[in-house]
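Trainee: Mind having a look at this structure? Questions to follow.
The values are calculated or read from the model by the stated rules, or taken from the named source; none is laboratory data. Just so we're clear, the structure is a prediction, and the values are computed from it rather than from any experiment. Don't worry about glycine lacking a Cβ; one is built from the backbone with ideal geometry, like all the others, and counts go over all protein chains shown. Remember, those area values only see protein heavy atoms, side chains included, never the ligands or the DNA or RNA. Shrake-Rupley method; radii C 1.70, N 1.55, O 1.52, S 1.80 Å.
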Amino acid sequence: MGKRIAYVGTGAVGGYVAGHLSRAGYDVTLIDPWPEHVEVMRRDGLQLSGLTAAERCVVPVKALHLTDLQGAVKEKPFDIAFVSVKSYDTEWATLLVRQYLAPDGFIVSLQNCINEERIAQHVGWGRTVGCIASLIAVELYEPGRIKRTVPLGGDKHTVFRVGEPHGRVTRRVEEVAEMLRAVDSAKVTRNLWGERWSKLVINSMRNGLSAATGLFGNQRDTQEGPRWVSIRLGSEAVRVGQALGFELEKMLGMEPEVLARAGEGHRDALVEITGVLLEGVKKRSDDQRPSMAQDIAKSRRTETDFINGYVAARGAEIGVPAPMHGRMNEAVRRVERGEVKPSPQLIAGW
């Protein structure tokens, strides 16, 4: 456990992972732009909770304000830096930590959306690794307090998928995967880009929809109207990903082609996907809501342009229309600008 690890962005996912790695004895430094969050972590530790008693703990952590990071020049450089900020903050976060990396150090994108290229343009592809967090559902609900609202993946679902952009298995991605097993199940993937797009499909079905409507995850999936919108969003995203040549993975029990056909109105496929979504409701807390809905509740900027907006844009580039994603992106932007309040009425008639 001699490697020095930095986490730039210790909100929901970053804080959850960094906290559990600290709990496991890894040398982790948490770096965050929210001053109150940093101060609470310094004073009281990082409080983590989940659906089981074993997940509840208070972890002493080394937490730094952004302005404190300059002091790292007096210490051994970081061997691994995880970037866990919002997509729109990726580049400054990469530049911030780059100068404190060891010569053979590298950056891991532990984020929603597809940000590896943004990182690589500042550190090079040879120092860029991707990591998908699949079905983790965590929320930073108060400074220094993070809760997980879905069960641990364990041997039933692999949460962390670590991969090289070139697809080969290397010692460093094996090392990162082993490290993340202290948090939940993890594996090395040869299919980083297919994993990335598969996660984007799920995010594009849920995040913007909950942000625009104000619905929590279980409300979104149990109500017929929002669920049908979600399925059609997933269908469009699958078709764009397939056209781009990605090898899509099974997503939370849904086969990509079945999801695509469900959104296109094929009855058997629709019945199957509806069953998967309703089964998922039984496994998560009623207060689970996607990160974008959390952002709206906190009056923060969302990642809609990097999720629904991105699917719509990539589809337009290759001639595979994704009109639902364009509409969803604009609906979220209207809520974000304060023009309208989150409401299921915003998707009425879709």
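Trainee: What does the charge dipole of the chain about its Cα centre add up to, to the nearest 20 debye, if the Cβ of each Lys and Arg holds +1 and the Cβ of each Asp and Glu holds -1?
Mentor: I would put it at about 280 debye.
Trainee: Net charge within 15 Å of Val38 by Cβ-Cβ distance, Lys/Arg positive one each and Asp/Glu negative one each, not counting Val38 itself?
Mentor: Cβ neighbours under 15 Å give a net charge of -2.
Trainee: For Lys341, which aspartates and glutamates qualify as cross-link partners when the Cα separation must be under 20 Å and same-chain residues fewer than eight apart are set aside?
Mentor: List returned: Asp287, Asp295, Glu303, Asp305, Glu330.
Trainee: Further question on the same structure: Could you pull out the longest piece of the chain with no exposed loop GluC sites (Glu not before Pro) in it, calling a site exposed if DSSP puts it outside H, G, I, E, B and it has at most 15 other Cβ atoms within 10 Å?
Mentor: Within the chain, the longest run free of exposed GluC sites (Glu not before Pro) spans 76-246.
Trainee: For the chain, which semi-axes, largest first and in whole Å, follow from the square roots of 5 times the eigenvalues of its Cα gyration tensor?
Mentor: Details: eigenvalues 208, 96, 75 Å².
After scaling each eigenvalue by five and taking roots: 32, 22, 19 Å.
Trainee: In the range 90-151, carbon and sulfur make up what percent of the accessible area (probe 1.4 Å)?
Mentor: 49 percent
Trainee: Right, here's the next one. Share of the range 224-311's accessible area from carbon and sulfur, percent, 1.4 Å?
Mentor: On the way: 1810 of 3940 Å².
It is 46 percent, rounded to a whole number.
Trainee: Quick one: net charge of Arg4's neighbours, Cβ under 14 Å, K/R +1, D/E -1?
Mentor: Summing Lys/Arg as +1 and Asp/Glu as -1 gives -1.
Trainee: At 0.36 nm per residue, and after removing the present C-alpha to C-alpha distance, how many nm does the segment from Ala348 to His266 gain when stretched out fully?
Mentor: So the chain would gain 27.3 nm between Ala348 and His266.
Trainee: Between Glu317 and Asp155, what length comes free when the chain is fully extended (0.36 nm per residue of separation minus the Cα-Cα distance, one decimal in nm)? Working shown, then result.
Mentor: Details: separation 162, 0.36 × 162 = 58.32 nm, distance 3.89 nm.
Taking 0.36 nm per residue and subtracting the Cα distance, the gain is 54.4 nm.
Trainee: Do you know the relative contact order of the chain, to the nearest whole percent, from alpha carbon pairs under 8 angstrom that are 6+ apart?
Mentor: Relative contact order here is 14 percent.
Trainee: Which length gain, in nm to one decimal place, applies between Trp34 and Asn191 when the Cα-Cα distance is subtracted from 0.36 nm times their residue separation?
Mentor: On the way: separation 157, 0.36 × 157 = 56.52 nm, distance 3.41 nm.
Length difference between fully extended and current span is 53.1 nm.
Trainee: Also, I was wondering about something else. Shape call for the range 159-316 from the C-alpha gyration tensor, a ≥ b ≥ c root eigenvalues: rounded (a/c under 1.5), prolate (a/b greater than b/c) or oblate?
Mentor: prolate
Trainee: Same structure again: So how far apart, in nm, are the two label points at Val58 and Ser299 if each is 7 Å from Cα heading toward Cβ?
Mentor: 3.0 nm
Trainee: Tell me which lysines have Cα within less than 17 Å of Lys282's Cα, excluding those fewer than 8 residues away on the same chain?
Mentor: Within the straight-line limit of under 17 Å, Lys282 reaches these lysines: Lys156.
Trainee: Okay, moving on. For the range 72-193, report the translational diffusion coefficient in µm²/s to the nearest whole number, using Stokes-Einstein at 37 °C, 0.692 mPa s, and a Kirkwood Rh over Cα pairs. Don't skip to the end; give the middle numbers.
Mentor: Working: Rh = 15.2 Å.
Translational D for this selection: 217 µm²/s.
Trainee: Mean residue ellipticity at 222 nm from the helices of the chain, using -39,500 (n - 2.57) per DSSP H segment of n ≥ 4 over the full residue count, to the nearest 500 deg cm²/dmol?
Mentor: The helix-only estimate for the chain comes to -13500 deg cm²/dmol at 222 nm.
Trainee: Rounded to the nearest 0.05, what FRET efficiency is calculated for Leu278 and Thr170 with R0 set to 41 Å and r the Cβ-Cβ distance? Can you show the working numbers first?
Mentor: Numbers: r = 40 Å, r/R0 = 0.98.
Once rounded, the FRET efficiency stands at 0.55.
Trainee: Let me ask another. Would you compute, for the Cα atoms of the range 1-117, the largest minus smallest coordinate along each principal axis and list the three values in descending order, in whole Å?
Mentor: 40, 33, 28
Trainee: What accessible area per residue, rounded to a whole number of Å², is obtained for the chain using a probe radius of 1.4 Å? If you can, show how the numbers build up before the last one.
Mentor: On the way: 14440 Å² over 350 residues.
Averaged over the residues of the chain, the accessible area is 41 Å².
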